[in-house]
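Quick notes on the structure that follows.
The values are calculated or read from the model by the stated rules, or taken from the named source; none is laboratory data. Computed from a prediction, not measured in an experiment: that's the story for all the values here. The protein model used for the area step is the full one, side chains on, heavy atoms only, and it has no ligands, DNA or RNA in it. Shrake-Rupley method; radii C 1.70, N 1.55, O 1.52, S 1.80 Å.
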Amino acid sequence: MQLALEEARDAAARGEVPVGAVVVAPSGRVVAQAGNRTRELNDPSAHAEMLALRAACAQAGSERLPDHDLYVTLEPCPMCASVISFARIRRLYYGASDPKSGGVAQGARVFSHPQCHHVPEVYDGIAGGEAEALLKQFFAARRSD
């Protein structure tokens, strides 16, 4: 999760919402990591999870990543949760909850939907305080500008 937090801090430094994601192979090796780049790329789908999963899938030569784990600093939104399911991620670890836009434990609860193809093991609250603090600092600074 520390690498994901570093990606989140880097995203904030670029003016992006501070969210970071890391994909880990069964061997424990990091295969991809990314931070949000929606503004930089002018792409509403360029969430940290999406970018990290795209890179990991490209490296694997497959649209599926069975036995891989994903670490994210913020609860994935419904779009990202759907892609996590399609990628067949084994375990999802996330930090801060997202009551406004979450798609795992909040809101859409994608993994609970009967049409969800695959449900990863989900572990929440991992370094949640630190991830939440990054987000609060980022938005407080934006409001004061």
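Take segment 1-67 with all the other protein chains still there, run a 1.4 Å probe, and you get 47 Å² of accessible area per residue. Of interest is the spacing of the C-alpha centroids, which for segment 1-55 and segment 85-145 amounts to 13 Å.
Taking all Cα-Cα distances within the chain, those exceeding 26 Å account for 17%. The largest accessible area among Glu16, Glu7 belongs to the first residue in Glu7, Glu16, and the rest follow in falling order (1.4 Å probe, all chains).
Rounded to whole Å and ordered largest first, report the semi-axes of the equivalent ellipsoid of segment 1-74 derived from its Cα gyration tensor (root of 5λ).
Working: eigenvalues 87, 39, 12 Å².
In descending order the semi-axes read 21, 14, 8 Å.
Database remark: amide H of Gly20 closer than 5 angstrom to the amide H of Ala8, Thr73, Leu74 (H placed geometrically; neighbours at sequence offset of 5 or more, or on other chains; Pro and chain starts carry no H).
Contact order, relative form, for segment 8-79: 32 percent (alpha carbon pairs under 8 Å, 6 or more residues apart, mean separation divided by residue count).
Leaving out ligands, DNA and RNA, what percent of the accessible area of segment 18-145 is carbon and sulfur, probe 1.4 Å? Mind showing how you got there, number by number?
Details: 3290 of 6460 Å².
C and S fraction of accessible area: 51 percent.
Computed 3J(HN,Hα) for segment 47-61, one whole-Hz value per residue from the Karplus formula 6.51 cos²θ - 1.76 cosθ + 1.60 where θ = phi - 60°, is 6, 3, 4, 4, 5, 5, 5, 4, 5, 5, 5, 4, 5, 6, x, glycine and proline marked x. Based on C-alpha pairs under 8 angstrom that are at least 6 apart in sequence, segment 73-114 has a relative contact order of 49 percent.
Amide hydrogen proximity for Ile89: with H placed 1.01 Å from N in the peptide plane, the residues at 5 or more positions away or on another chain lying under 5 Å are Leu65.
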